[in-house]
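Engineer: Here's a structure for you.
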Amino acid sequence: MVVRKEVCLTQSEWYVMDCLWAYAPQTVMQLATDLSQRAGWAKSTTITTLRRMEEKGLVKKKPDPNDQR
């Protein structure tokens, strides 16, 4: 059985989802660059929006296995 949940996205969340749908997966920096070019966003705006979207369960961050930091 499939349970559907209605999701209401803000305009900012739509920008993020549009970028992810076009070029997924992306790093945070790739997404920040894309949104800077498309919408004039600062990197901090992208990071804040992603954090809020993750809290809502709309996106999920995965660690980069190649990042040794």
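The values are calculated or read from the model by the stated rules, or taken from the named source; none is laboratory data. Please read these numbers as outputs of a predicted model, since none were measured by experiment. All Cβ positions, glycine included, derive from the backbone under ideal geometry; neighbour counts span all protein chains shown. To get the accessible areas, we keep the full protein, side chains included, count just its heavy atoms, and leave off ligands, DNA and RNA. Shrake-Rupley method; radii C 1.70, N 1.55, O 1.52, S 1.80 Å.
Engineer: Output the qualifying pairs, or none if there are none: Cβ atoms under 6 angstrom, residues six or more apart or on different chains, first residue in region 20-47 and more than 20 Å from Pro65 (Cα to Cα), second residue open to solvent by 60 Å² or more (accessible area, probe 1.4 Å) and at pLDDT below 95.
Structural biologist: Final answer for the pair search is Ala39/Tyr15.
Engineer: Can you list the helices (runs of 4 or more DSSP H) found entirely within the chain that contain at least 3 residues being surrounded by fewer than 12 Cβ atoms within 10 Å (Cβ to Cβ) and modelled with pLDDT under 95? Don't jump to the end; show me each part of the working.
Structural biologist: Working: elements: 11-23, 28-39, 43-55.
Result: 11-23.
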